[in-house]
Amino acid sequence: MKLLLINPNTSLPMTRSIAEAASAVAAPGTEIVARCPTFGPVSIEGHLDDAFGAAGVAEQAMVAAREGFDATVIACFGDPGLDAAREALPGPVLGIAEAAFRAASIVATGFSVVTTMTRTCVIAERLVSRYGCESTCRGIHGTDIEVLSLESCDEATLARIEAASRVALARDRSEAIVLGCAGMAALCEELQRRLDVPVIDGLAVAVKLAEALSALRLRTAKRGDYAPPLSKRWTGWAAGFGRDVTA
């Protein structure tokens, strides 16, 4: 299968590291193409960043719409632009937060999220509500680790995430940890070994779910609100997309 991986921020090093993490769990024969927007912030750490990240996801989804991808994964824990990408693309589109929440709810009766900046916890809280996981998500914990510091994560950073996870497990009475940033993907295996509980990396789960949905030949429904975008004239820097929206 051919899998599109969209990193909603514009950090090329993080895009490469996310692609490597996805490739590590992908099945033989899965081709992963990783891309990021041509504009926007280098990291997503707030509502304004999230809004531009969503626009960047939409941009990349529209560019890829006629390239024959079997499925798409949005590699940011805020799932920015998820609905827009589902509208633009024919194959299934997965957000890593939704994928992580679903997996965590299967392997544990309660889980906690450990993420980067505390200011982004409200974004995760809203996603918990959107995905109907209020009864299983028992807490969301910020570490105030900057996203870009995860590009070259050292032992001190790993130790901070471990410590926050231990606090979350005890305080929330949780049985699993969800990592709240795609940049934490490479830390999942080591954290699981240290904590001795399921540690869920949404990127890995989304890749495997994308493969499963592709194998089952399930695609995004194109009746109702995920129907293809209407053809219309666009203006400004995005004028070219008006000609592309013909499906």
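Quick look at the values:
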quantity: Checklist (1) within 20 Å of Met117 (Cα to Cα); (2) surrounded by 15 or more Cβ atoms within 10 Å (Cβ to Cβ); (3) without any contact (Cβ under 8 Å) to a residue 40 or more places away in the chain applied to Ala54, failing item; calculated: (3)
quantity: Given (1) in contact with a helix residue (DSSP H, G or I) (Cβ under 8 Å, 6 or more places away or on another chain); (2) closer than 28 Å to Ala163 by Cα, number of the condition Glu189 does not satisfy; calculated: (1)
quantity: Condition check for Pro92: under 18 Å from Leu218 (Cα atoms) and either of a type in the set (A, V, I, L, M, F, W, C) or crowded, with 18+ Cβ neighbours inside 10 Å (or both); calculated: yes
quantity: Counted residues, the stretch 17-43 - those being in a helix (DSSP H, G or I), in contact with a strand residue (DSSP E or B) (Cβ under 7 Å, 6 or more places away or on another chain) and more than 18 Å from Ala61 (Cβ to Cβ); calculated: 1
quantity: Matching residues in the stretch 62-81 - criterion: being out of contact with any Pro (no Cβ under 7 Å at 6 or more places or on another chain) and surrounded by 24 or more Cβ atoms within 10 Å (Cβ to Cβ); calculated: Thr72, Val73, Ala75, Phe77, Gly78, Asp79
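Yes/no matrix, rows are residues, columns are (1) crowded, with 19+ Cβ neighbours inside 10 Å; (2) in the same structural domain as Thr15 (by TED's automatic domain parsing); (3) closer than 22 Å to Leu4 by Cα:
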position	(1), (2), (3)
Met184	yes, no, yes
Leu187	yes, no, no
Arg194	no, no, no
Ala215	no, yes, yes
Leu218	no, yes, yes
Ala227	no, yes, yes
Trp234	no, yes, no
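The values are calculated or read from the model by the stated rules, or taken from the named source; none is laboratory data. Since we're looking at a predicted model, the values are computed, not measured. Every residue, glycine among them, receives a Cβ derived from its backbone with ideal geometry; neighbour counts consider all protein chains shown.
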